[in-house]
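Provided herewith is a single structure, encoded as structure tokens, for subsequent inquiry.
The values are calculated or read from the model by the stated rules, or taken from the named source; none is laboratory data. Since this is a predicted model, take the numbers as computed values, not measurements. Every residue, glycine as well, gets a Cβ built from its backbone with ideal geometry; the counts of neighbours run over all protein chains shown. Please note that ligands, DNA and RNA were not included when accessible areas were found on the heavy atoms of the full protein model with its side chains. Shrake-Rupley method; radii C 1.70, N 1.55, O 1.52, S 1.80 Å.
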Protein chains: 4
Amino acid sequence: MKRLNVGLIGSGFMGRSHALAWRAAAATFPLPVTPHLALLADVDEATASRAAQGFGFARATGDWQALVDDPEVDLVDVTTPNILHAPMCQAVIRAKKPLYCEKPLAPDAATAFALAKEAEAAGVPTFVGFNYLRNPMTELARDIVQSGEIGEVWNFRGIHAEDYMTDPDGPWTWRLDPQGGAGVVADLGSHIVSLARYLVGPIERLSADLDTVIAERPTREGGRRAVEVDDQARALVRFAGGAKGTLEASWIATGRKMYQAVELTGSKGALVLNMERMNELKLYVTGRTPALDGWVEIPATPAHKDYAGFMPAPGHQLGFNDIKTIEVAEIVRSLCGQGQRPVPDFREAAEIQAVIDAMLMSARTGTWVSVDEVARVAGR
Amino acid sequence: MKRLNVGLIGSGFMGRSHALAWRAAAATFPLPVTPHLALLADVDEATASRAAQGFGFARATGDWQALVDDPEVDLVDVTTPNILHAPMCQAVIRAKKPLYCEKPLAPDAATAFALAKEAEAAGVPTFVGFNYLRNPMTELARDIVQSGEIGEVWNFRGIHAEDYMTDPDGPWTWRLDPQGGAGVVADLGSHIVSLARYLVGPIERLSADLDTVIAERPTREGGRRAVEVDDQARALVRFAGGAKGTLEASWIATGRKMYQAVELTGSKGALVLNMERMNELKLYVTGRTPALDGWVEIPATPAHKDYAGFMPAPGHQLGFNDIKTIEVAEIVRSLCGQGQRPVPDFREAAEIQAVIDAMLMSARTGTWVSVDEVARVAGR
Amino acid sequence: MKRLNVGLIGSGFMGRSHALAWRAAAATFPLPVTPHLALLADVDEATASRAAQGFGFARATGDWQALVDDPEVDLVDVTTPNILHAPMCQAVIRAKKPLYCEKPLAPDAATAFALAKEAEAAGVPTFVGFNYLRNPMTELARDIVQSGEIGEVWNFRGIHAEDYMTDPDGPWTWRLDPQGGAGVVADLGSHIVSLARYLVGPIERLSADLDTVIAERPTREGGRRAVEVDDQARALVRFAGGAKGTLEASWIATGRKMYQAVELTGSKGALVLNMERMNELKLYVTGRTPALDGWVEIPATPAHKDYAGFMPAPGHQLGFNDIKTIEVAEIVRSLCGQGQRPVPDFREAAEIQAVIDAMLMSARTGTWVSVDEVARVAGR
Amino acid sequence: MKRLNVGLIGSGFMGRSHALAWRAAAATFPLPVTPHLALLADVDEATASRAAQGFGFARATGDWQALVDDPEVDLVDVTTPNILHAPMCQAVIRAKKPLYCEKPLAPDAATAFALAKEAEAAGVPTFVGFNYLRNPMTELARDIVQSGEIGEVWNFRGIHAEDYMTDPDGPWTWRLDPQGGAGVVADLGSHIVSLARYLVGPIERLSADLDTVIAERPTREGGRRAVEVDDQARALVRFAGGAKGTLEASWIATGRKMYQAVELTGSKGALVLNMERMNELKLYVTGRTPALDGWVEIPATPAHKDYAGFMPAPGHQLGFNDIKTIEVAEIVRSLCGQGQRPVPDFREAAEIQAVIDAMLMSARTGTWVSVDEVARVAGR
């Protein structure tokens, strides 16, 4: 069978997660081509070699540009720190290779739209890792909404809250670098925006409030440095389709480890998703016998998209890494013209970034902001 | 023992709930005086008599003013439709009798502050039925916050969502009458505002979005009538103490029956309350052994305020009506100078109404609004 | 309206719970007669008088026999320590008055059957306080089973576990007195047996294992006393109708406060009840669309028996004491020939006791025991 | 780095699960040797070749004996239907190669002990796939018990209930073949026995009740065939260490998909595990402040064994297949003398089977049965 030779840049958390996913994809799903771990790049050859062995890559390099240019590499997968995404993506686009980049694509919408346009002009297929969309329960939520099962959507509540930045003595890190874009509104907020768009559609206008709670943090060098990005973000949103709702993101949500929670209320029903229990979806539909009326707790089973690839038994639980495997498999199918549903591309990532930018502008000005206007100014 | 002769106006849902509470209070708690169901008033004598017998009132009347003036009545309890609260309260204040009124006190903050001032000038003790504050788990939440157990409060999320207005063919009712004030933002939103103030303190500024989803409804007379009040309400809020957060209220939250849910995030912990399971509080506190770290599910037990009045066994569950009994007992104690904690009075109710008014103004103008300014204009 | 004059013996935990229930019943439900708190008896007049005032009884006495004989008393309600149930019940039967006794009725099945026969011979209506049967969710469970909604019942799992005896330094109490009957198998096990019979029907045979974990306890007098009754009990059971299952009871179930949990599995569905969340029932029914298949979480609402008596709003939660109010109201209706469903009488209590006795015998002999045989020997 | 050449027999559900695990293990954990997918055997070469390509095996064969004898194969992994386990294992033992076999090892304890002894005599390392033991939350439970955190264990309740055999029109399958051993008591019951032994220790005596609910099933050939094995199983058990408890297994537990639930009650605390939510453990420990007392919901995080191999972020969820990866990695470490904890070997599998056999005997005879006696007779 034909191979898809994968070149991966970056061997950190997401690098390893991607490597596992590329390895597992073909053993999990019947795919038109088999991903092959061809080449791994990292900051230097030693680091790259060490990781390549563990991950099962055939070769390693300390020069990412060499990876991009390597004739054996069919697709480039970028999992480096955010600040490097843009230059690397540009290089890959120039090399006219399919491109898979971890989110967030860019520090602002202008950069993101520019990348999207470059890729489109070059005819390069692009994919961005908004992996939670690939949870079978998220896909089920989308199917439920699109089938009209819960009627017209009236309200959306989306929260992504974790607590990895709660400790005020936690050191200043690259996540806090304003060069890399916004704070939690970009880091976690972008997931909620991608979900909102996937489930309900485009956001038209919003009013946001962001705040920096921990004003400064110790640096690794021993001093202290002011924090310029947001720790918490909230917005009132209005969707183009008429629904309204709220968005929240926080990386100082003490006690919350993976609280990505969504509630959609419709005229005929409602649904709740919560990644703290990612193998469940709660559904309410009107019209049941009153005495037996209630929310249905639906467990993930082979009746849901992609689940059966992992196992035939219902309720046996997928994990976070499995979601990445689904994403990777969908990218492979998409490259072969067999894609079954939208994977966010650079344009979608830019639209998501426009919502983030609108939140930043709204918080700065204290006014409602039009997302379309922000996108237009950013060169949509 | 001395008696407290209660005059109750109104024998509907809340009337019955109050009657049960007045009867149960002295059997549940040791009280300095024993409430006695002296006189019940309703729209006509027949209705009042029928209810009086069931509820256990000694006498009945079809004339509420006569009840107010009755020399045997020590305290007047108002549970009529909202639109009647103001005139009745004024009469009671004039009669200089202690006054207990169901929420919402008035259709706007100006009326509420006027009532509060009249009562204060007359030296009349007032109480407003924001009963959820009396849930032992709410009191526990307040104790936790005030003890510093969860540190400085960083975020507040408060939602009160039910679905009793979801059906678009549900008839136009007095709840929708703009003369009576706002829609869900007043009906359920006021509960969340009272909780927010009780747990975190005054709200300083806010940006709100309200919408009317079901534009018109059938009238009982056979026609259709436009709906002028809000079905859904959301706000970004900033507390005077520095915390920020969101408020939501909806009476068209399909599937939700009693979703009054609050999450407080602090620098050292967090807590979650949800009236769908009103006998539980979830608490997270930092500093545990990492492998044993998690949220504690605290069940209501005799270790919590007022619970032991109902039974000595832990985890045996209080009900909605029991909360009303606690409220009534606290009012009795307060009248006797033995109150243990703040019961909302008319001034507090007016402050709550000022937040509602600010939400209405913000939604109308699309701007952030100062609650203090609104309160000032309303005659605080 | 006619009154039902209630004479209550005992003013402890259950005494107060009963008093509250008798007061609330007529205000909660339309009843053919109105319960009146006529006379309260306790160990001495002072104790009785104090309690009578709080509970709202008209009169008090230190002589329970006088209460039984009092011509004004229409019904006698016995809430004294278990060991006094039998002599008091006999006196009431002799006085030919309706009789309401807290469970357990007697220390063994022989005594219980003897009391039941005496009452039947005297034509005295009897009622025993297995209150959990009156939870609207328990009634819903019974309706579901009887309607065939979950098909033929294949398995029953019933657990009643609390932890009030967990502390080995907790003092020796009357609960441990072997004169009063068995240990937890009687105290909590009887609730599970009553539920099993109410939901599934008679138990035919069983194999049980009981153990005493805390071998001795300090006495209030300063010494130590051996514990002769069981702390934990488990049984394999076979129902006459063909279902099989397990029963468990424990009063040393560390961490469990009110874990009365039941799971019924049938050929077409299943249901789960758990008194830790007494306002919920979980129902599974086969035949749903696979992708939307799951357990329904049914909240208590006015669609369920008796709930609407307390409030018209769904999901607003009943409490433990409300269940007692339902029991009392059903007794009143039953006395007036308007009963809607079976309240356990002395005969039913004796049948339940026969299952307890069979568990004791099985544990002693290490063999399967026929419940019918035990009941026959006990004089059924 | 050195390789461990794996020969896998069987490419069904468990075959694929094993293949994925062997591929993922070295990319997930630092291992002393790297597993290499050397050779895959299935019923014929075509089937084997097709699967080999998807799974990533270097070679394929239709002859399992050839795989066993292949000089390149270092370890043989058996995932065939149960009935083939014994002959294949014997061949591998004769070839003196490390051996990893899916559970259940054998249809009865006699066969299992015989295999264990053969392997021990030959010095062959053996491993059996009781994978749930490797869930980090299971390991946490064991650590908690062994550290004394919950004190002396008083009670164990273990249930493994699924519903894959509920439909009476589901066809007769190999699972029902009495030649392959018992019914659900072996298929799912063995998991609960392995957990009971892992967490609490050996079971000494038991009284069991098994039943066949669906008496006959359609065959694929069009007729009907009687079912001779059990559909439901329950037992009262006594552990050698003094704890008592219950075991249950059912494959007709309508509505349950993966209800493997365990509750351990100890003198100082308790814990609950439920594979329906496999990333959580609930822990109760005595001695907390009464008002803050409750169960702690512990989410799986990098603080728990093996979790960090998959990702550095807490609460991000492992899946069923990840547990298999942990098992495989532990086997690799164990082969290299670096094992960190007991993986069940053939002797442990035989001990588990002895409990199953004792349950069958108890159910047949209606008596309590000594597990030691059964094991002795089976040739322990």
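Could you work out the relative contact order of region A:31-172, using alpha carbon pairs under 8 angstrom and six or more residues apart, expressed as a whole percent?
Relative contact order for region A:31-172 comes out at 14 percent.
In addition: Nearest 0.05, what FRET efficiency do residue C:308 and residue B:341 give at R0 = 25 Å with Cβ-Cβ as r?
0.20
Contact order normalised by length for chain A, with contacts defined as Cα pairs under 8 Å and 6 or more residues apart; what percent is it?
RCO, chain A: 20 percent.
To one decimal place, what Kirkwood hydrodynamic radius in Å is obtained for region A:67-145 from all pairs of distinct Cα atoms?
Kirkwood hydrodynamic radius for region A:67-145: 13.5 Å.
Tabulate in residue order the Karplus-calculated ³J(HN,Hα) for region C:244-258, using 6.51 cos²θ - 1.76 cosθ + 1.60 with θ = phi - 60°, rounded to whole Hz; enter x for Gly and Pro.
Karplus-based 3J(HN,Hα) across region C:244-258 equals 10, x, 9, 10, 9, 9, 8, 10, 10, 8, 2, x, 8, 9, 7 Hz.
Between copies, how close do the residue C:143 label points come, placed 7 Å along Cα→Cβ, listed in nm from shortest?
The projected label point of residue C:143 is separated from its counterparts by 3.3, 3.8, 4.8 nm.
Taking the rotation that carries A onto C, look along its axis and tell me which residue of A has the beta carbon nearest to it, distance in whole angstrom.
Its Cβ sits closest to the axis: A:296, 3.
Could you give me D for chain B, from Stokes-Einstein at 20 °C and 1.002 mPa s, where the hydrodynamic radius is the Kirkwood radius over C-alpha pairs? Units µm² s⁻¹, please.
Reported coefficient: 99 µm²/s.
When ranked by the protection proxy of mean other Cβ atoms within 10 Å per residue, highest first, what sequence do the peptides A:23-35, D:337-349 form?
Going by the mean number of other Cβ atoms within 10 Å, highest first, we get A:23-35, D:337-349.
Most mobile of D:43, D:145, D:328 per a Gaussian network model of chain D (Cα springs, under 10 Å)?
Highest fluctuation among the options: D:43.
Another one. Residues of region A:144-188 with backbone nitrogen within less than 19 Å of a virtual label 7 Å along the Cα-to-Cβ line of residue A:221, please, listed as ranges.
Within reach of a label on residue A:221: A:170-180.
Could I ask something else about it? If I model a spin label at residue C:84 and residue D:152 as a point 7 Å from the Cα along the Cα→Cβ vector, what separation in nanometres do I get?
A separation of 3.6 nm, rounded to one decimal place.
Would you mind counting up the charge near residue B:209? Only other residues with Cβ under 14 Å from its Cβ, with Lys and Arg at +1 and Asp and Glu at -1.
Value of the local net charge: +1.
Say R0 is 30 Å: what FRET efficiency, to the nearest 0.05, do residue C:173 and residue D:289 get from their beta-carbon distance?
It comes out at approximately 0.75.
Would you mind getting me the FRET efficiency between residue C:204 and residue B:117? Use the beta-carbon distance for r and R0 = 60 Å, nearest 0.05.
It comes to 0.20.
Here's a follow-up. Measuring label to label, 7 Å along Cα→Cβ, what does residue C:123 give against each other copy in nm, shortest first?
Between copies, matching label points for residue C:123 lie 6.5, 9.3, 10.2 nm apart.
Pop out the carbon and sulfur fraction of the accessible area of the protein assembly as shown as a percent, whole number, probe 1.4 Å.
The computed percentage sits at 51.
Compute a Gaussian network model of chain A, connecting alpha carbons closer than 10 Å, and tell me which residue from A:213, A:153, A:332 fluctuates the most.
Of A:213, A:153, A:332, the most mobile in the Gaussian network model is A:213.
Kindly provide the pair-distance distribution of region B:124-189 built from C-alpha pairs, with 10 Å bins from 0 and whole-percent values in order of increasing distance.
Histogram of Cα-Cα distances, whole percents per bin: 14, 32, 30, 19, 5.
Largest first and in whole Å, give the semi-axes of region C:11-80's equivalent ellipsoid, each being the square root of 5 times a Cα gyration tensor eigenvalue.
20, 14, 10
Moving on. Please list 3J(HN,Hα) in residue order for region A:320-326, calculated via the Karplus relation 6.51 cos²θ - 1.76 cosθ + 1.60 where θ = phi - 60°; whole Hz, with x for glycine and proline.
So the J values, rounded to whole Hz, are 4, 5, 4, 4, 5, 4, 5.
Another question about this same structure. Consider a paramagnetic label point 7 Å from the Cα of residue A:46 along Cα→Cβ; state which residues of region A:63-86 have an amide N under 19 Å from it.
Residues passing the 19 Å test: A:63-64.
Of A:257/B:305; A:96/A:324; B:257/D:282; B:257/C:282; B:244/B:268, which pairs sit farther than 22 Å apart, going by alpha carbon to alpha carbon?
A:257/B:305; A:96/A:324; B:257/D:282
Further question on the same structure: Quote the Stokes-Einstein diffusion coefficient, in whole µm² s⁻¹, for region D:333-380, based on the Kirkwood radius over alpha carbon pairs, a temperature of 20 °C and a viscosity of 1.002 mPa s.
176
Separate question: Let me check I have the definition right: for region B:154-261, take the eigenvalues of the Cα gyration tensor, multiply each by 5, take square roots. What are those semi-axes in whole Å, largest first?
29, 13, 10
May I ask you to give the solvent-accessible area per residue for the protein assembly as shown, in square angstrom, as obtained with a 1.4 angstrom probe?
32
List the distances, in nm to one decimal, from the label point of residue B:288 to the label points of the same position in every other copy, shortest first, placing each label point 7 Å from Cα along the Cα-to-Cβ direction.
For residue B:288, the other copies' label points sit at 0.7, 3.1, 3.1 nm, shortest first.
For residue D:178, what is the net charge nearby, where nearby means another residue's Cβ is under 12 Å from its Cβ and Lys, Arg count +1, Asp, Glu -1?
-2
Also: For region D:181-215 and region A:137-169, what is the separation of their Cα centres, given in Å?
Each part reduced to its Cα centre gives a spacing of 41 Å.
Related question: Any residues in region A:32-54 that have 20 Å² or more less accessible area with all protein chains than in their chain alone, probe 1.4 Å, and which are they?
Those are A:53, A:54, which lose 20 Å² or more relative to the chain on its own.
Something else about it: To the nearest 100 Å², how much accessible surface do chains A and C hide from each other in total, with a 1.4 Å probe?
Accessible area lost upon association: around 1300 Å².
For region C:138-155, in order, what is each residue's ³J(HN,Hα) by Karplus, 6.51 cos²θ - 1.76 cosθ + 1.60 with θ = phi - 60°, in whole Hz (x at glycine and Pro)?
5, 4, 4, 4, 5, 4, 4, 4, 6, 6, x, 3, 9, x, 6, 7, 9, 8
How large are Rg and Dmax for the protein assembly as shown when calculated on the C-alpha trace, in angstrom?
For the protein assembly as shown, the Cα-based Rg and Dmax read 34.3, 106 Å.
Would you calculate, for the protein assembly as shown, the mean residue ellipticity at 222 nm contributed by helices, counting each DSSP H stretch of 4 or more residues as -39,500 (n - 2.57) and dividing by all residues, to the nearest 500?
-10500 deg cm²/dmol
On to the next question. Grab the other residues whose beta carbon is less than 12 angstrom from that of residue A:48, score K and R as +1, D and E as -1, and report the net.
Taking every Cβ under 12 Å from that of residue A:48, the sum is -2.
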